[in-house]
Amino acid sequence: MNEFIDWLAEPLQHQFNLRALVAALLIGFTNGYASAFVVLRRDALKVGSLSHALLPGIAVAILITGLSDWSAFLGALIAALIVGLGSLAVSRGSRIDHDSALAILYTAAFSGGIVILRRIGVQSELSEWLFGSIMHMSNGDLWVSFIIALVALTVMTALQRPLVMMLFEPNVAASLGVPVRALNYLLMGLLILILISSLQAVGCILALGLLVTPAAIMFLFTNATSKLFWGGGVIGAVVSVSAIFIGWWADIEQGPTIVLLLGAAFAVAFVVSPRYGVLKKSA
């Protein structure tokens, strides 16, 4: 019995595991909370484009300053802002719709990133940015995640009502004096920051799963908008923390495990949800 307890508690005996657990809690809850906006807005593919747009920013930063946490962070941030906010600006100032503008900027940026990556020899280290390495998070990474989580959650909670109104009825919101365009840019900027904070944990390839799936799971259980935010946050946090333990015990990478567990949870919800599940519909 004591051996079993020691086996269960073993992950807590390592400092890097404790950092990973704190990071999983912060990143999981923040992504889960924000995922409600992505699901309500039906912008998952756009967010996916932004997550992939992180790669060319990292490549350019490595080319200029070499590979480091801060260079990759800043490069990814600048690239995502250029692609995300730039696509909004193009769609606002021309006949081109937002999806088309995003596709043009995203594919051009990604192609440039591929060209650069083939000319620099950091493929082994770069895999951590592509697929995540939450076990290697430093104290500095934790502070970045904490600050982004604090800012994003505070702003999204304080402005939740006008943001939701903007998503459902932008014309009505504008007639009531809600600054729809400014809020659109703000929400896009916050989602980009949250993607950046997830970069070290799950990488730019898997970040989309963490920023969509939690609220999608809740969406199968409730019609209450408020529950999507807090429920998504709880699901994101619980699954992310669980993945740290499961990854340690099963000796598999924790970043992919987080997204894999979220996918499994969604599959279960899709089948057994008492409101919208497959079993309910077939009954």
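The values are calculated or read from the model by the stated rules, or taken from the named source; none is laboratory data. Since the model is a prediction, treat every value here as computed from it, not as a measurement. Glycine gets a Cβ as well: all are built from the backbone with ideal geometry, and neighbour counts include every protein chain shown. Side chains are part of the model used for accessible areas, which takes the heavy atoms of the whole protein and leaves out ligands, DNA and RNA. Shrake-Rupley method; radii C 1.70, N 1.55, O 1.52, S 1.80 Å.
General observations
- Residues that are open to solvent by 20 Å² or more (accessible area, probe 1.4 Å) and in contact with a Ser or Thr (Cβ under 9 Å, 6 or more places away or on another chain), drawn from the stretch 224-238: 235
- Residue 265 meets all of the listed conditions (1) in contact (Cβ under 8 Å) with a residue 40 or more places away in the chain; (2) farther than 30 Å from residue 170 by Cα; (3) touching a Leu at 6+ places or on another chain (Cβ under 9 Å) but one, namely (3).
- Flag if residue 228 is without any contact (Cβ under 8 Å) to a residue 40 or more places away in the chain and touching a helix residue (DSSP H, G or I) at 6+ places or on another chain (Cβ under 7 Å): no
- When the residues of the stretch 263-283 are filtered to those that are in a helix (DSSP H, G or I) and more than 24 Å from the chain's Cα centre (by Cα), the one that is surrounded by the fewest Cβ atoms within 10 Å (Cβ to Cβ) is 282.
- Given (1) out of contact with any Asp or Glu (no Cβ under 9 Å at 6 or more places or on another chain); (2) touching a residue at least 40 places away in the same chain (Cβ under 8 Å); (3) of a type outside the set (A, V, I, L, M), number of the condition residue 203 does not satisfy: (1)
- Of all the residues in the stretch 135-172, those that are farther than 21 Å from residue 198 by Cβ and open to solvent by 60 Å² or more (accessible area, probe 1.4 Å) number 6.
- Filtered residue count, the stretch 245-262, keeping only those that are free of Cβ contacts under 8 Å to residues at least 24 places away in the same chain, among the hydrophobic types (A, V, I, L, M, F, W, C) and either surrounded by 15 or more Cβ atoms within 10 Å (Cβ to Cβ) or within 11 Å of residue 220 (Cβ to Cβ) (or both): 3
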